[in-house]
Each structure stands twice: as structure tokens, then as C-alpha cells.
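Q: Below is one structure. I have some questions about it.
Just so you know, all these numbers are worked out from the coordinates, no wet-lab data involved. Remember, it's a predicted structure, so these values are computed and weren't measured experimentally. Neighbour counts run over all protein chains shown; Cβ positions are idealised from the backbone, glycine included.
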2 protein chains.
Amino acid sequence: MIKMNKERSLSKNQQIILDLIDKSSEPLKAYTILFNVQKKGIKAPPQVYRALDKLVEIGKIHKIESKNAFVACKNSNCEISKATAFSICESCEEVDEVSDTKLSKFLSKFNDKKGMTFKRFNLEFFGLCKRCKIK
Amino acid sequence: MIKMNKERSLSKNQQIILDLIDKSSEPLKAYTILFNVQKKGIKAPPQVYRALDKLVEIGKIHKIESKNAFVACKNSNCEISKATAFSICESCEEVDEVSDTKLSKFLSKFNDKKGMTFKRFNLEFFGLCKRCKIK
DNA sequence: AACAGTATGTAATAATATAACGTTTTAAAG
DNA sequence: CTTTAAAACGTTATATTATTACATACTGTT
């Protein structure tokens, strides 16, 4: 395995699965991933879930909780994702990562009244995308 | 003229399940609910999921997406929940509904760069609660 | 009473995720 | 180069979460 600069080198299964998610235009579910990588030798759910867990952990992908599906991180230098926001069209199901400095600053600075310390947040917006509004 | 808050009357199963969630101090999962209401005649998953769907729809409960669990809405007059935020302790698993005017205003006003119109959002903060920080 | 909409009960099954095991590979230190 | 510990792997089985499908019953109008 070739070790790149500061880049963490992914294992074989992790790379196969990241490649698949990366080139997908939509969030992929674990079993969709499984079916699509069986020809590459990944045959069982734990192999997929383990790679997904790791990829999430190192910030290469994010889980869309409301859909149990995974998307590649668009912020190429995002290593550990602690501030994620997504827009989800309820009509066409398109999902996009929202990257807005004001938003992430506001939420990262947000302080709980009850004294909790936040390490991480996940925000999901639902609505209609430009195209679906017209229809 | 008095404008009545059109109270929706809940069905039997909906009421049983709402009561259970309401008096719970923690988010409840669908099958935990099922086991706890079997003595009341609710015997199968679809009965639980149908009631949950309806209760979510009318804003009586919220789903904590990252936990596949349900909590009662604390805003007693919240009819249709379109702006939800929760704090989740990663140590003790305590979940609280965050109600902060600034936060909900900021997020409700948030405009997507890509022209999406948002109807609703769900925000989940993760961290350590007061008590767990001390330990 | 007739109708539409909502809710119910039930069986079967689909979809999502993890446990538990032993083995192999990797990276780094001696 | 060998040792070693951590990480990743492969495999089987099973746990957990959620839905489909269909028949029946209840509720509130007209």
C-alpha cells in the first residue's frame, strides 16, 4: 500500500467503498454498497459496516441519519467531521452538504443552557430544491 | 371570538403509546415500546409504527434520528414540529430538547445558496453533559 | 344509511446493523 | 529481520429496526 504525504492510507476495503460512495450522485445505503462491491470480494455486511464506520470516523464520508445513507465529504480537507449540515429535498431526495461559514460558526459557538459541552453536531434541513419547486 | 386550538383527539393506540413516551425519562425505541404495551393489546410492530408516525406528524413526539428513538415534545403547543434541536450526551446518553429562540430563529431564517426552500430542520448536538464532564 | 377517511389486527418479510470468532496484514520498535 | 500490537479481514449467525399486504372496524360527515 502506498503511503501518501500526511494522508491516512486507506485499507483495501475502505478504498473500494469510498470510491463507490465518491462517484455516486446520491447517498448510498449499506446494502446497496454491499451489492455493488460483491464482485470486488466484499461479501458480508460486517465488512461494509466496518469500512463505513472508519470512513465516518476519519471524516471521509458522512452518514445522513434520516436516510441511513452515506455521502462523501465534499470538504476535501475535512479530517474529522464535527460540524455537518445537509439539505435534503423531500421530492427528488437530492442531498447536498451545506457549507456556510456563518452557519457553522454560529452552531460551533452555540452554548447549551444546561451546561453541556458540545463536540459535534449534525443538522439536516428538509424542503424542496429549486427544480422541484417549479414542478 | 375565541379561536380554538383545534385539539386533535388521539386514537386508543396513539394515546397508549404517547402516554408511555411521555412518562419516560429517556428516548424509547419502537421495540421497547412494543414490549411495554403488549399487555394493553398492542401486539405487533405495525401498530406501534403507525402510532409513532402519526404522533410525529402531529408533533406530539420527535424522532431522535441518530438513535432511532422517540421522545415526547416538551413544547406543549407545538403542533407540527418543523424546527427541532436536541442535545445528546455521548456518555450517559441523556437527550434533551434544546429550546433556544436565537437558535431556532437563526436556523428558520437560514437560506440555502442553491435555492432550496426549507420547511423543516432537525439538529442534533453531541457532547458531554454537566454531570459526565466531572467524572 | 351511505360514504370517505382513519385506525385496527395480523402474518409475513424486508431492510438495517451487530456479535463473536479466528485469521491475516500492517506499521513500528527492538 | 524479527517481534509485536493494532488494525483490518473473512465468515457465520443473529439481533434490531421497519414495512408490505390484506382484511376488518371505527368515526364523523352528508
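Q: If you take the beta carbon distance between A:Lys105 and B:Lys43 as r and set R0 to 51 Å, what does 1/(1 + (r/R0)^6) give as a FRET efficiency, to the nearest 0.05? Intermediate results must be reported in sequence, preceding the final value.
A: Numbers: r = 50 Å, r/R0 = 0.98.
Given R0 = 51 Å and the Cβ-Cβ separation, E is 0.55.
Q: Using the 2.2 N^0.38 Å rule of thumb for compact globular proteins, work out how the protein assembly as shown stacks up: its C-alpha Rg over that value, please. Walk me through the numbers on the way to the answer.
A: Working: Rg = 20.4 Å, N = 270, 2.2 N^0.38 = 18.5 Å.
In units of the 2.2 N^0.38 Å rule of thumb, it is 1.11.
Q: Based on Cα positions only, what radius of gyration and what Dmax would you give for the range A:12-134, in angstroms?
A: Reported Rg and Dmax, both Å: 15.9, 51.
Q: Another question, then. Which percent, to the nearest 5, of DSSP beta bridges fully inside chain B are antiparallel? Write out the running numbers ahead of the final one.
A: On the way: 9 of 16 bridges.
Looking only at bridges with both residues in chain B, the antiparallel portion is about 55 percent.
Q: Can you list the residues, at least 5 places off or on another chain, whose amide H is less than 5 Å from the amide H of A:Ala69, using H built in the peptide plane?
A: Here the answer is A:Ile64, since their amide H atoms fall under 5 Å of that of A:Ala69.
Q: Taking only DSSP H segments of four or more residues, each worth -39500 (n - 2.57), what value at 222 nm results for chain B once the sum is divided by all its residues, to the nearest 500 deg cm²/dmol? Walk me through the numbers on the way to the answer.
A: Numbers: 5 runs with 47 residues, N = 135.
-10000 deg cm²/dmol, from helical runs alone.
Q: Continuing with this model, one more query. Just list whichever of B:Lys82/B:Lys109; A:Lys54/B:Lys130; A:Lys54/B:Lys113; A:Lys63/B:Lys23 have alpha carbons separated by over 21 Å in the model shown.
A: Numbers: B:Lys82/B:Lys109 13 Å; A:Lys54/B:Lys130 29 Å; A:Lys54/B:Lys113 31 Å; A:Lys63/B:Lys23 31 Å.
From the list (B:Lys82/B:Lys109; A:Lys54/B:Lys130; A:Lys54/B:Lys113; A:Lys63/B:Lys23), the Cα-Cα distance tops 21 Å for A:Lys54/B:Lys130; A:Lys54/B:Lys113; A:Lys63/B:Lys23.
Q: Follow-up. Efficiency by 1/(1 + (r/R0)^6): what FRET value for A:Asp19 and B:Lys114, r their Cβ-Cβ distance, R0 = 35 Å, to the nearest 0.05? Display every interim value, and only then the final one.
A: Numbers: r = 26 Å, r/R0 = 0.73.
The pair A:Asp19/B:Lys114 has a calculated efficiency of 0.85.
Q: Which of these, A:Leu18, A:Leu52, A:Leu123, has the largest mean-square fluctuation under a Gaussian network model of chain A (Cα springs below 10 Å)?
A: Residue with maximal mean-square fluctuation among A:Leu18, A:Leu52, A:Leu123: A:Leu123.
Q: Let me ask another. Can you give the angle from 0 to 90° between the axis of helix A:45-57 and the longest principal axis of chain A, with both taken from C-alpha atoms, to the nearest 10?
A: 50
Q: Which loop-located trypsin sites (Lys or Arg not before Pro) does the range B:15-57 contain, where loop means any DSSP state but H, G, I, E or B and the Cβ has at most 15 other Cβ atoms within 10 Å?
A: On the way: sites: B:Lys23, B:Lys29, B:Lys39, B:Lys40, B:Lys43, B:Arg50, B:Lys54; in loops: B:Lys43.
For trypsin sites (Lys or Arg not before Pro) across the range B:15-57 that sit outside H, G, I, E and B with at most 15 neighbouring Cβ atoms in 10 Å, the list reads B:Lys43.
Q: Between B:Asn75 and A:Ser66, what's the calculated FRET efficiency when r is the beta-carbon distance and R0 is 22 Å? Round to 0.05. Spell out each step's value before the answer.
A: On the way: r = 21 Å, r/R0 = 0.94.
Calculated transfer efficiency: 0.60.
Q: Still on this structure, please answer the following. Do any GluC sites (Glu not before Pro) in the range A:87-135 lie in a loop, going by DSSP, with at most 10 other beta-carbon atoms within 10 Å of their beta carbon, and if so which? Spell out each step's value before the answer.
A: On the way: sites: A:Glu90, A:Glu93, A:Glu94, A:Glu97, A:Glu124; in loops: A:Glu90, A:Glu93, A:Glu94.
Nothing satisfies the criteria.
Q: So, in nm, how far is label B:Glu57 from label A:Lys82 when the simple model puts each one 7 Å beyond its Cα toward the Cβ?
A: 4.1
Q: Something else: Which order do A:Lys60, B:Lys114 fall in if you start with the one that has the fewest other Cβ atoms within 10 Å?
A: B:Lys114, A:Lys60
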